[in-house]
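The values are calculated or read from the model by the stated rules, or taken from the named source; none is laboratory data. It should be emphasised that the depicted structure is a prediction, and the values quoted were computed from it without experimental measurement. Cβ placement follows ideal geometry from the backbone for every residue including glycine, while neighbour counts extend to all protein chains displayed.
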Amino acid sequence: MSQEPTVFNPLMPHIEVDDAVHFSVFDALVRMDPQGVLQPNLAAEVPSQKNGGISEDGLQWRVRLRDNVRWHDGIPFTAEDVKFTLELITNPKFRAWRTAGHSLVHDIQVVSPTEITWRMKEAFAPYLSFLAETFIVPKHILEKEADPNTAAFNQAPIGTGAFKWSKRIAGDHLELIANPSYAGEGPYVERLIFKYIPDMTVLYTQFKSGAVDLVDQSYITADHYEEARKLPGKQVSLEHSPSIESIYLNLGRPQFKDPAVRQALYAAIDRKAVIDTVYYGVVTSTETFMPQSSFYYNPNLPAQQFNLNRAREILDKAGWKSGADGIRAKDGVRLSFTNSTTSGNNLREQTQQFLQQTFAEIGVEMKISNLPAAVMWGEFWLKSQFDTAMVGVTYLIAADPDATNRLATSAIAAQGGRGSNTGQYSNPEVDSLLQQGARTFDQQERRKIYNRVQEIVRNDLPFLPLFQARNVIGRKEKLTGFTVNTNTRTASWNAAGLRWAS
Amino acid sequence: MRAFLLSRLSQSLALLVIVSIIGFTILSIMPGGPSSQYGLDPGMSQADIERIKEQLGLNRPLWIQYLDWAWRLVQGDWGRSFRDGTPVLTVIGRHLFATLLLMGTSTAIATAIGTWIGIRGATHRYSLFDYLATVGAMVALSIPTFWFGLVGIYFFSLRLGWLPAGNMYTIGDGSVLNYLHHLILPSIVLSLVHVAVWSRYMRTATLDVISQDFVKTARAKGLSERRVLMKHVVGNALLPMITLAGMQLPTILTGALVTETVFTWPGMGRLFLDSLGYSDYPVVMGLLMFSAILVLLGNLIADIVIAVVDPRIRLA
C-alpha cells in the first residue's frame, strides 16, 4: 500500500487503505458482493420488504443475526453490540466518520440476542448499502471507555472478522493473524501483513522482486502495466474502479450556464487520444457517473464524438462570437476559464495540455492552475471556488446508486446545502427522481429511476466525463481465491478467501 | 559557567516560543487542513466535515488554539495525532529507533572516514589522493541522495541481488544480522554526503594547524612525524569540528527525509512528510518542537565541550 493505515476504529474518519484492515478484522451486518448484490454477513439474512425485515412504508426495520459468532476475545457477539454501534455513531461526543442514514435511526430495540429492530425517521433505501460499510464494534470493550475517541481499542482492535489484530510497527507494516474460530468461510492464510511503501515506484519494484504478494491501494501505475503483465509468476489484471474522471464545471460561473457551451466543450475533447496516449489504454471511456460494474449502470447513453467542426457550429448557433483576441464571447462573457487539479499529477497535467489545445481551436481559452492536494480538495473544491476541475469522483456511497450527495440541489454546499454537489448542478426533475429512488426498496424499480437520472445528466452535461478509472492489480500467481470487488474501496475486501496454491 | 548556562537557557526558551508561534501560524494558514483528505470521500458530507472540525477544535480563533496547545505542552501534554488519536510522544517514539539506527550508523561511518580523508588530504597536500578526495567530495555533494539511493538499489539489489532493496528488516526475521544487512545500503548512501562535508572541513582545519608555529617547534624538538601529527595536529584540528558535530547532532534524531523515502525506512523523516500531508498538526508541531529543542541542545553542548577542552575559551 502506498499510504499507511492508521485508523483501526472502523467508525472513525479514515481513508481507503484503512478499509483493508477493517474488512479483515471486522464484520458488518451485510456485505456487498462483486455483482453489487448485498449478502448477509453478521445478519442471518438481508432484510427486505419481501422477508418482512423492512416494513411496507420503509420505516420499521428488523434484522435477525447469526448465532454462535464470537469476538476475538471469546465473548459472544449479540444484538447489544449492534445497538451500541449504531448509537455510538450518532453520539455527539464521538468523532464519527459518516453519519448519513444513521441519523435517521431511532428507537433501537434488542428483541433477543439474535434480533434487533429500529425505526427510521423517513424511508431511506440506501441505508441498507450503508450498513455494508458500518462495521460492528464490541460493546463490552468500548462501553468501559470514558472517551471512545482515544480508547486503547482504537490501536488494538477486537472484531469478529477472519483475522485478529497482532501488531503494528508504525511507519512500516502491520500484522494480522488468522482467527481459527471465524464464523464465516476461511481464513486460509496464517498471517496477513499490510506493508506500507510510500513510493509508487518502490512499491512496484518490491512487487517485481517478489517481496509483495498482492498490490493494493494505489495499485500499479499505468505506465508499468505493459511490463508488469509479462512478469513471470505474476497475475496482473485491469479492474474497474468506481472513480469517474471528468472535467467538473462550476455551473455557478456565467460561462457554463449555457448548455451549448457544455455540449461544445464535450465535443472538443479528443477523448481517445487522452485514453490511449496519456493513460496507455488502461482506463475505459464512459458517459455516466454510474460505475460500469454497478447493477444500475445505463449502457444506452449516446456516445461522445470528438468533432471540432460540430463544436464550432454549436457555439456559432448559440451566438458565441469570436472577439479580436480569437476568444469567443457573448453578452460580455468571455469563453475563458481556469482548470485546476492536484499539482504534480503527471497524467492529469498532460491531459490538461491536450484539452487546452483542442479548446483553443474552437475559440475557448483554458488556463491551467494546479494546486497542492491539501489546497485543491479543501474549501477550494468543497465550497465551489474553482472554474473547472479535473477530478476523479466516486458518486456512490457504499455502492448504492443514490447520488443525491453529488447531484441534488439540496447538496450544494456553496449555496448553504448539506452535501458535495460542488459543481452546483440543479435540475428539479433529477431532484424528484433522486427523492423517489431513495424511498424505493425494489431493485428493478430503482434501476428504472437511476437509468433515467443518468439520461438526464448525460443530456445536461454538468460535468464532462473523460473515463472510468481502472486499477492495475498485481498479485503472485500462486495466490488464489482473490476476487476484485469494485463495490468496496479495497482489493483486500475478502482476505478471508485468499489461499496459497500448492 | 552558571551565568552562561542561565543566559543560554533563557535565550533558548525564547527561541522555542518564537519557533512554535511561527510554526503554528504557518500550519494553520496553510489552506486545506486536516479535513481536506475527506473532501473526495463520497460519503462525507460538508456537514460531516464541519462536525469533525468542530470536534477537533479547529473552529476556534487561532490564538486560542495556540495558547491551548502551548499550555498543554508546558504541562507535558504534547497532544494527540489527528489521524489515529495516539499521543504525539508515542508517535515520535515509535519512529525514533529507526532513525537513530540509520543516522547513528551513517554518522559514525562518515565521521571516521571523513576525518581520515581530511587529515591525509592535508598532510599530503596536492598529492593524487588529495585531488581524488577533492573531486570525489564535489561529486558526492552535487549529486542528489535519491539518485545515489536508486542507483545503489539498481545495482546491489536488482542486478546483483546482494542487498535488500529497502525496509529496515525482513518481516518475520528480527535478527541483528538481518538489520545489519538492511542497514548497509542506506547508511552508505547517507554517509556519502556527510563524508564529503566532513572531510573538507577536516582538511581545512588540519591545514590551519599544520602551519602553526607550535607544530614547527614540535618538529624542531625532534618528535617523530607520527607523534607530531597525532598529538599536536589532530587534537587541535578537531576543535572547530566540535561545533560542526554539535550542529549535526539534531539530524541524527530528526532523520533523513529523502533516504528514508527511497529505502522505505520507517523513520522520523517519513513521519514528518506523512504528517504534513495529512495536516496532522499535533504531530507536525511535536516534531518541530522536538527538532528545535535538539538544535538548541546540540549547540549548547558543543559550546560547553569546546570550553572544557580548549582552555583559551572562557564562557561568560
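If I filter the stretch B:215-224 for residues that are within 35 Å of the chain's Cα centre (by Cα) and surrounded by 12 or more Cβ atoms within 10 Å (Cβ to Cβ), do I get at least one hit?
No: the stretch B:215-224 contains no residue that is within 35 Å of the chain's Cα centre (by Cα) and surrounded by 12 or more Cβ atoms within 10 Å (Cβ to Cβ).
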Pick from the stretch B:45-86, criterion more than 8 Å from chain A (Cβ to nearest Cβ), among the aliphatic types (A, V, I, L, M) and in a helix (DSSP H, G or I), ranking: farthest from the chain's Cα centre (by Cα): B:Ile64
Quick check on the stretch A:172-188: of everything there that is in contact (Cβ under 8 Å) with a residue 40 or more places away in the chain, more than 11 Å from every other protein chain (Cβ to nearest Cβ) and of a type in the set (A, V, I, L, M, F, W, C), which residue is surrounded by the fewest Cβ atoms within 10 Å (Cβ to Cβ)? A:Ala183
Answer yes or no: is there a residue in the stretch A:56-69 that is surrounded by fewer than 19 Cβ atoms within 10 Å (Cβ to Cβ), hydrophobic (A, V, I, L, M, F, W, C) and outside any loop (DSSP other than H, G, I, E, B). no
Of all residues in the stretch B:264-292 being within 9 Å of chain A (Cβ to nearest Cβ) and in a loop (DSSP other than H, G, I, E, B), which is farthest from B:Pro87 (Cα to Cα)? B:Thr264
Residue in the stretch A:189-216 that is nearest to the other protein chains (Cβ to nearest Cβ), counting only those that are under 17 Å from A:Ala491 (Cα atoms) and in a loop (DSSP other than H, G, I, E, B): A:Ile197
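Output the residues belonging to the stretch A:321-343 that are of a type in the set (Gly, Ala, Ser) and under 18 Å from A:Ala264 (Cβ atoms). Break it down into steps so the answer makes sense when it comes.
Step one: list which residues in the stretch A:321-343 are of a type in the set (Gly, Ala, Ser), which gives A:322-324, A:326, A:329, A:332, A:336, A:340, A:343.
Scanning the stretch A:321-343 gives A:Ser322, A:Gly323, A:Gly326, A:Ala329, A:Ser336.
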Kindly check whether there is at least one residue in the stretch B:63-77 that is among the polar types (S, T, N, Q) and modelled with pLDDT of 90 or more. yes
With the structure loaded, tell me whether A:Ser426 is modelled with pLDDT of 95 or more and surrounded by fewer than 18 Cβ atoms within 10 Å (Cβ to Cβ) or whether it fails that test. no
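Name the one entry in A:Thr338, A:Thr351 that is part of a strand (DSSP E or B) and either within 14 Å of another protein chain (Cβ to nearest Cβ) or not acidic (Asp, Glu) (or both). Lay out the reasoning, then the answer.
On the way: A:Thr351 fails: part of a strand (DSSP E or B).
Checking each option against the conditions leaves just A:Thr338.
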Assess whether B:Ala112 counts as being facing chain A (nearest Cβ under 8 Å), small (Gly, Ala, Ser), in a helix (DSSP H, G or I) and surrounded by fewer than 19 Cβ atoms within 10 Å (Cβ to Cβ). no
Out of all the residues in the stretch A:380-398, which are more than 7 Å from chain B (Cβ to nearest Cβ) and out of contact with any strand residue (DSSP E or B) (no Cβ under 9 Å at 6 or more places or on another chain)? A:Lys383, A:Ser384, A:Gln385
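Right, B:Ser187: polar (S, T, N, Q) and within 17 Å of B:Thr99 (Cα to Cα) or not?
Values: polar (S, T, N, Q): yes; within 17 Å of B:Thr99 (Cα to Cα): yes.
Spelling it out, B:Ser187 is indeed polar (S, T, N, Q) and within 17 Å of B:Thr99 (Cα to Cα).
Take the residues of the stretch B:248-262 that are more than 8 Å from chain A (Cβ to nearest Cβ) and surrounded by 24 or more Cβ atoms within 10 Å (Cβ to Cβ): which is nearest to A:Glu4 (Cα to Cα)?
Per the stated criteria, the residue is B:Glu260.
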The number of residues in the stretch A:155-188 that are outside any strand (DSSP E or B), farther than 18 Å from A:Asp73 by Cα and not hydroxyl-bearing (Ser, Thr, Tyr) is 5
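Quick grid of which residues meet (1) part of a strand (DSSP E or B); (2) within 23 Å of the chain's Cα centre (by Cα); (3) polar (S, T, N, Q):
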position	(1), (2), (3)
A:Ala260	no, no, no
A:Lys272	no, no, no
A:Asp276	no, no, no
A:Thr288	no, yes, yes
A:Gln292	no, yes, yes
A:Pro299	no, yes, no
A:Phe306	no, no, no
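Take A:Ala491 and tell me if it is part of a helix (DSSP H, G or I), at pLDDT below 90 and farther than 29 Å from A:Leu59 by Cα.
On the way: part of a helix (DSSP H, G or I): no; at pLDDT below 90: yes; farther than 29 Å from A:Leu59 by Cα: yes.
No.
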Given (1) assigned to a helix (DSSP H, G or I); (2) at pLDDT 85 or above, index of the condition B:Met247 fails: (2)
By residue number, the members of the stretch B:198-230 that are without any contact (Cβ under 8 Å) to a residue 60 or more places away in the chain, of a type in the set (A, V, I, L, M, F, W, C) and touching a helix residue (DSSP H, G or I) at 6+ places or on another chain (Cβ under 9 Å) are B:Val209, B:Phe214, B:Val215, B:Ala218, B:Leu223, B:Val228
Pairs needed: first member in the stretch A:264-278, more than 26 Å from A:Arg328 (Cα to Cα); second member anywhere, basic (Lys, Arg) and assigned to a helix (DSSP H, G or I); C-beta distance under 9 Å; at least 6 residues apart or different chains. A:Val278/A:Arg348
Between a residue in the stretch B:178-197 that is free of Cβ contacts under 8 Å to residues at least 12 places away in the same chain and any residue that is polar (S, T, N, Q) and outside any helix (DSSP H, G or I), which pairs come within a Cβ distance under 8 Å, given they are 6 or more apart or on different chains? B:Asn178/B:Thr170
